[in-house]
Structures are given as structure tokens and as C-alpha cells.
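The values are calculated or read from the model by the stated rules, or taken from the named source; none is laboratory data. None of the values given here were measured: they were computed from a predicted structure. When we count neighbours, we look across all protein chains shown, and the Cβ atoms used for this are built from the backbone with ideal geometry, even at glycine. We work out accessible area using only protein heavy atoms, side chains counted, and drop any ligands, DNA or RNA first. Shrake-Rupley method; radii C 1.70, N 1.55, O 1.52, S 1.80 Å.
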Amino acid sequence: MRADDVVLAYGGGWLDRAGPLRADPDRITALLTDPRTAVLPLWRDRCLVTTGESLVRLAADWAAAALAAADETVFLGLDGDTAIFAVDLSGQPETEAVRLAGAATAVDVRALVGRLGPAEASVQAYARGLLHWHRQQRYCGSCGARTTPRDGGHVRSCAGADCGRLLFPRIEPAVIVLVEAPGAPDRCLLARHRGAPEGSYSTLAGFVEVGESLEDAVRREMAEEAGVTVTDLAYQGSQAWPFPAGLMVGFRATAATAEVRVDGEELVEARWFTRDELRAREAAGRPLGRPDSIDRHLLGSWLAAGA
Ligand SMILES: [Zn+2]
């Protein structure tokens, strides 16, 4: 499978993000009263759901109370002819946000894995990440003045005199790596992270630092966390992970030697597993990573690549 054939949870480009529309405030305002428009209400990183755990999606002409109470309203894009907005009700008590949305409760989108379609999960995650960014960027980091949203909620601009700095949503990239052992038999390296339950293993991952390429980050993280020198890096795909601002970039790499030395800080244990061992773990009810994670995808594709 080619990396560009891989569509992981929370990605997929389901909406036309309609970037050129963002610069047309009159059009954005008009869309907010268009009866075809849909509004997704969120409360403090959570989506609002009905008693049947369907996502609440308000028609714009029904959403006046929610729009009036919102801290932020952002234009997400177009789903065919339907404009999709998200509103942030985080300034309200939870009970009031639930009432305004006509919802039953507020839940994390990740708790709805397997129940939401891929488009719904992706659009909710996008809304969550963008609204989270707004809540963190109310003041300018240069002059301390308030900032105000523009461009449909995809930019904030500083209101300070002589400043006017523009703030753009930021992504925090991280690499996640399936490391293979050198030579036979085929084995991959999994680690137990500090705080993870005994016997719970996952692939190695870490944030990309300033001044690093993705490949630099792979080599550094594997050396720091597991004492492993890696070569033969191969890109496997990426995953939007806006919880709150991640982008996971998946690689495979090969260790120069099978010697492993964990750092004892982030990782408390790391060891090599054969495919048979992983299959036996799975058969015994130990899932290989979260079902919505690129960790799971990396392991699943490695298992599928060998006997
Ligand atoms: Zn400023």
C-alpha cells in the first residue's frame, strides 16, 4: 500500500475548506444565516451529542441562541452546498452549553471511535483543534494586547497600537516509528511508556524540535529513548491528531544493532517482538494500540507484510 492511499481516523479531507471564502467577511456572514448551513457546537474540547450519541448539528436558522452565546464562531468549509461552521460554547457552564445545543451530554470525539463515520470524526476533530487554538491565543505574545479573529476564524490579529501581528493556527508535528531489528527473524521494537500499565506496549514516538527535519527527529528520538541507531527510514503516512494540535508522521526504520537501552524517563521498558508474538497478544485480548491511532496502523501493516 502506498502512503498516499492511507486514510487514518481524523483525516481524509472530507470538507472543501474553501480557503478563498475566508477573506470575504460579507459572504461568511451571509452563510451564517443561510438555512442550508450547519453549525457544530462544541464545549471545552468536547462535542455535543444527543441521547443516541449522534453528533448535534444545528441548522443555522435554529442556532441563533448558540451563536449569540458562543465565544467563537469559525468557518470550517463546505460540504457540497452546505457551509459548515463550529461554535465554541466553552464560556458557558456545561449544563447551559448542553441546553443551548439541544444536546444530552458533552463527550470527547475520541470516545466515539467506531460509532462515528470517518467524515464526522474528521470534521469534529478539525473543529475541536481550531477552537482550542482560539482559546489559547486571546492575547498577543509580542505586546500583550487582545487579539481578534478574522478570515472566518483561521487567523487572529493583534489589536495593539503599532503591533498588528497576525497569529496563525499552529501544528505540533511528532514522529512515530516502527523500528525493525537488523537481520532475521523479523522483529519490531515496542516500548512501555512511563505510566502505561504493565504489559502495555506501543511504537516509539516523539515531538519534532525546532531546527530538525522529520528524519533528524526520528534518529534523535530513537537514540535518546531506546539507545537505538536507526537507518533506512521510510515514510508510512501521517495522521491529523488535533488533541490539541498534533500531526503524527509515521516511519519505519531499521536498527543498526538489536541492543536496546531505554532512557528510564519516557520509556521504562522496550523489547523486540516477532509477528507471532504480536498475533498471540492480540488473540489474548491485548489490542495493538488504539483503534483510531497511527500506532495501530503501523503495527497492522507490519503484521500484514510478513508470515
Ligand atoms: Zn501585539
Report task. Sorted from largest down, give the three principal axis spans of the alpha carbons of the stretch 179-234, whole angstrom values. Result -> 35, 32, 17
Report summary line: the chain -> Rg/Rh from Cα coords, Kirkwood Rh, value 1.03
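Keeping the other protein chains in place, figure out the carbon and sulfur percent of the accessible area of the stretch 230-302, with a 1.4 Å probe.
Within the stretch 230-302, the accessible surface is 51 percent carbon and sulfur.
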**Report entry** Antiparallel content of DSSP bridges confined to the stretch 139-288, in %, to 5
**Finding:** 75 percent
Query raised in the report: Using alpha carbon centroids, what distance separates the stretch 111-145 and the stretch 201-228, in Å?
Result: 26 Å
Report summary line: Given 37 °C, 0.692 mPa s and a Kirkwood radius over Cα pairs, the Stokes-Einstein diffusion coefficient of the stretch 1-73 in µm²/s is 221 µm²/s
Query - Convex hull of the stretch 1-154 built on C-alpha atoms - directionally averaged projected area, nm² - result: 10.6 nm²
Query - Residues of the stretch 119-146 with amide N under 13 Å of a point placed 7 Å along Cα→Cβ from D162 - result: 143
Query raised in the report: When DSSP assigns beta bridges and you keep just the ones with both residues in the chain, what percent turn out antiparallel, to the nearest 5?
Result: 75 percent
**Report entry** Cα-based helix-to-principal-axis angle, 294-304 vs the chain, degrees rounded to 10
**Finding:** 40 degrees
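What is the gain in length, in nm to one decimal, between A64 and R281 on full extension, counting 0.36 nm per residue of separation less the C-alpha to C-alpha distance? Write down the numbers at each step before the final one.
Working: separation 217, 0.36 × 217 = 78.12 nm, distance 5.16 nm.
Here the answer is 73.0 nm.
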Requested in this report: Take I84, I171 and sort them by solvent-accessible surface of the protein heavy atoms, 1.4 Å probe, largest at the top.
Outcome: I171, I84
Report task. Just need the relative contact order of the chain here, percent rounded to a whole number, with Cα pairs under 8 Å and 6+ apart. Result -> 17 percent
Requested in this report: Using a 1.4 Å probe and counting only protein heavy atoms, arrange Y201, Y10, Y139 so the residue with the most accessible area comes first.
Outcome: Y139, Y201, Y10
Query - Percent antiparallel among DSSP beta bridges (both partners in the stretch 1-140, rounded to 5) - result: 75 percent
Report task. Please give, to one decimal in nm, the separation of the simple spin-label points placed at E96 and S213, each 7 Å out from Cα toward the Cβ. Result -> 5.2 nm
Query raised in the report: In a GNM of the chain with a 10 Å cut-off on Cα contacts, which of E72, E282, E225 has the highest mean-square fluctuation?
Result: E282
Requested in this report: Mind pulling the angle between the C-alpha long axis of helix 214-226 and the longest principal axis of the chain? Nearest 10 degrees, somewhere in 0 to 90.
Outcome: 60 degrees
Report summary line: With a Förster distance of 25 angstrom and the Cβ-Cβ distance between I171 and R138, calculated FRET efficiency to the nearest 0.05 equals 0.80
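Can you compute the helix-only [θ] at 222 nm over the chain? Use -39500 (n - 2.57) per DSSP H run of at least 4 residues, normalise by all residues, nearest 500 deg cm²/dmol.
Theoretical 222 nm ellipticity from helices: -7500 deg cm²/dmol.
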